[in-house]
Amino acid sequence: THLEAGALVAKMEAWDADKDLNAQIRYNLIHHKEDTKDLLKIHPITGDVTLMAPLLNIPGHTLMASVEARDLEGAQNGLSAKVDLVVYVLDNGFQLKMVLDNNVDNVMKDVGNITDTLSSLTGLNVKAYEVDEHKSILEEPRLRRDATDLLIFAVDEFNNLITSAKFIRSLTQRLPEAKARLAHHRLRQV
């Protein structure tokens, strides 16, 4: 989906078992590179990470930052925890659609196994970002079955996005094995 400035990218949540002021958490975004400073911001109280500008001009980029949650209303002497935030900027050049002849619920339950299987076959880190009911205007209604679109992308060991062309080449070499290992989902097409 296309996200405009102000769009919610992530919601960070942290809890503190203490009470009163000691339990009041504040969030801070720690930028690893200058490119995220102008693109991502975090609300210090809600933990909402939003876009400051649209990402149209940077498909294929990976934005990385850390989120720090600190109690005592963010005071320097408060206890803190950090988690990494990675945002992948996708367009058609970095994503693939798999059509599985299985219903959405079954695919959703097994999406981790599907991506792990594809990762082991391709040597890439395969991730899913959308699971939706398959709709095709080209298929005749009587031929339509329960099918699911699984939208996936891949990154290398450095979190760099892999182009769809390279991803397809990698997957095509192992497609018969992929179909066999995902037989219960009946992989129709990529």
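Each reported figure results from applying straightforward, stated rules to the coordinates on display, with no laboratory input. For clarity, every value in this text was computed on a predicted model and none was experimentally measured. A quick note on method: Cβ atoms are made from the backbone with ideal geometry, for glycine too, and the neighbour counts reach across all protein chains shown.
Could you count how many Lys pairs in the chain have their Cα atoms under 26 Å apart, skipping same-chain pairs fewer than 8 positions apart?
For the chain, the number of qualifying lysine pairs is 29.
Mind listing the phi-derived Karplus ³J(HN,Hα) values for the range 153-167, rounded to whole Hz, using 6.51, -1.76 and 1.60 with θ = phi - 60°, and x for any glycine or proline?
8, 9, 10, 8, 5, 9, 6, 7, 5, 9, 5, 4, 4, 5, 4
Scan around L40 for amide H atoms under 5 Å from its own, H built in the peptide plane at 1.01 Å from N, and keep only partners 5 or more places away or cross-chain.
M52
Considering only DSSP states other than H, G, I, E and B, which trypsin sites (Lys or Arg not before Pro) in the range 3-96 qualify as loop sites with at most 16 other Cβ atoms within 10 Å? Write down the numbers at each step before the final one.
Numbers: sites: K11, K19, R26, K33, K37, K41, R70, K82; in loops: K19, K33.
For trypsin sites (Lys or Arg not before Pro) across the range 3-96 that sit outside H, G, I, E and B with at most 16 neighbouring Cβ atoms in 10 Å, the list reads K19, K33.
Helix-only mean residue ellipticity at 222 nm, the chain, DSSP H runs n ≥ 4 weighted -39,500 (n - 2.57), per residue, nearest 500. What is it? Don't skip to the end; give the middle numbers.
Details: 4 runs with 39 residues, N = 190.
When only DSSP H runs of four or more count, the value is -6000 deg cm²/dmol.
Among (1) 62, 35, 31; (2) 67, 47, 37; (3) 55, 38, 27, only one was calculated for this model; which label is it, if the read-out is Cα extents along the principal axes in Å?
The calculated read-out lines up with (1).
May I ask you to derive the relative contact order of the chain, considering only C-alpha pairs under 8 Å and at least 6 residues apart, and to give it as an integer percent? List each step's numbers first, then the result.
Details: 351 pairs, mean separation 37.6, N = 190.
For the chain, the relative contact order is 20 percent.
Scan the chain and hand back the longest stretch that contains none of the GluC sites (Glu not before Pro) lying in DSSP loops with at most 11 other Cβ atoms within 10 Å.
Numbers: sites that count: E4, E13, E157.
Result for the longest clean stretch: 14-156.
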